Amino acid sequence: MLGTALSRLCSGMGEGWVGYAKADLDIKDAAAVQKAISEFALTGGRLVVNAAAYTDVERAEVEQEQAFATNDGGARNVAEAAAGCGLGLVHVSTDFVFDGTKQTPYTEEDEPNPLNVYGRSKLAGELSVAAAHPNALIVRSAWVYGPGGTDFPSKILQLAQRSERVQVVNDEMGSPTSSADLARGALALHRRGATGLFHLVASGCCSRYEMARDIATTLTLPARMMPVSREALPITVMRPANAVLSAEKAARLGVEMPWWRDSLHAYVRDYLGKAT
């Protein structure tokens, strides 16, 4: 999703870009990563954005080596190659580095405490990137949706087309973030010379149930959204109940993210609406 958003954004800005899909470049392959980034640098490239990740939260519990190989080892490969070629780096991480027990939005100063393998692998990747490329920009986001992948709005649409009632948890809070907004925000931070750790999510927050209800209302879906607690669903992997991140640090640099509902409605109306 983020790769799709970045390619569209760069094309719209008239910026030259090179993009690799997983089939074209496996970041676990250090030699292949070094070759690709070295060639990019020789053509005048300036910035590498690592949007690659192992993101299947459930499968990561049984494929721990694969998750760490991509989210930690692969991230380190990209960071080392970018640093060696003197290129800037934006590395993308996640709210899953937190345990979700805090009652207020998480800031960059809060201590991570991942609940699952995916979160631990992403946190390990953050540390590896920071060590390999001290001037990297590490951006944490949450509840990302957009064209180019399987996202929460698409899942709600599919469920609503198959059932009259859709159960959605109402005790998980987060900030639904458009991949297009994330791409714009990350590049804006880079242009302002930002390095180190930043949270970058949409303004405001909601529950998964509220998000689903907004999606159904925008698309005028006949299915009814039913709020339930996480305990009522067969969830096998713990997720942070509070995934709300504070993006105030980015805002202080002039990078302010749109309100979550505005971007969600635009995406659902203009993209998902065409699929119904």
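Key figures for this structure:
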{"read-out": "Scan of the range 148-177 for residues that are touching a Phe, Trp or Tyr at 6+ places or on another chain (Cβ under 6 Å) and either farther than 14 Å from THR94 by Cα or surrounded by fewer than 22 Cβ atoms within 10 Å (Cβ to Cβ) (or both), ordered by number", "value": "ASP151, PHE152, PRO153, VAL168, ASN170"}
{"read-out": "Total residues in the range 39-63, condition in a loop (DSSP other than H, G, I, E, B) and of a type outside the set (A, V, I, L, M)", "value": "9"}
{"read-out": "Residue list for the range 10-38, restricted to those being at pLDDT 95 or above and part of a helix (DSSP H, G or I)", "value": "ALA30, ALA31, ALA32, VAL33, GLN34, LYS35, ALA36, ILE37, SER38"}
{"read-out": "Condition broken by THR55, with the remaining ones in (1) modelled with pLDDT of 95 or more; (2) β-branched (Val, Ile, Thr); (3) closer than 20 Å to ALA183 by Cα satisfied", "value": "(1)"}
{"read-out": "Residue in the range 107-120 that is under 23 Å from THR195 (Cβ atoms), at pLDDT 95 or above and surrounded by 21 or more Cβ atoms within 10 Å (Cβ to Cβ) present", "value": "no"}
{"read-out": "Wholly within the range 81-189, strands (runs of 3 or more DSSP E) carrying at least 3 residues that are in contact with a strand residue (DSSP E or B) (Cβ under 6 Å, 6 or more places away or on another chain) and closer than 19 Å to VAL201 by Cα", "value": "88-94, 137-141"}
{"read-out": "Options GLY44, GLY19, GLY86: the member that is surrounded by fewer than 14 Cβ atoms within 10 Å (Cβ to Cβ), at positive phi and without any contact (Cβ under 8 Å) to a residue 40 or more places away in the chain", "value": "GLY44"}
{"read-out": "In the range 195-210, residue surrounded by the most Cβ atoms within 10 Å (Cβ to Cβ) [restricted to those that are within 22 Å of VAL168 (Cα to Cα) and touching a residue at least 60 places away in the same chain (Cβ under 8 Å)]", "value": "VAL201"}
{"read-out": "The range 225-255 - residue that is among the charged types (D, E, K, R) and at pLDDT 95 or above and, of those, surrounded by the most Cβ atoms within 10 Å (Cβ to Cβ)", "value": "LYS249"}
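The values are calculated or read from the model by the stated rules, or taken from the named source; none is laboratory data. What you are looking at is a predicted structure, and each value in this text was computed from that prediction instead of being measured. When we count neighbours, we look across all protein chains shown, and the Cβ atoms used for this are built from the backbone with ideal geometry, even at glycine.
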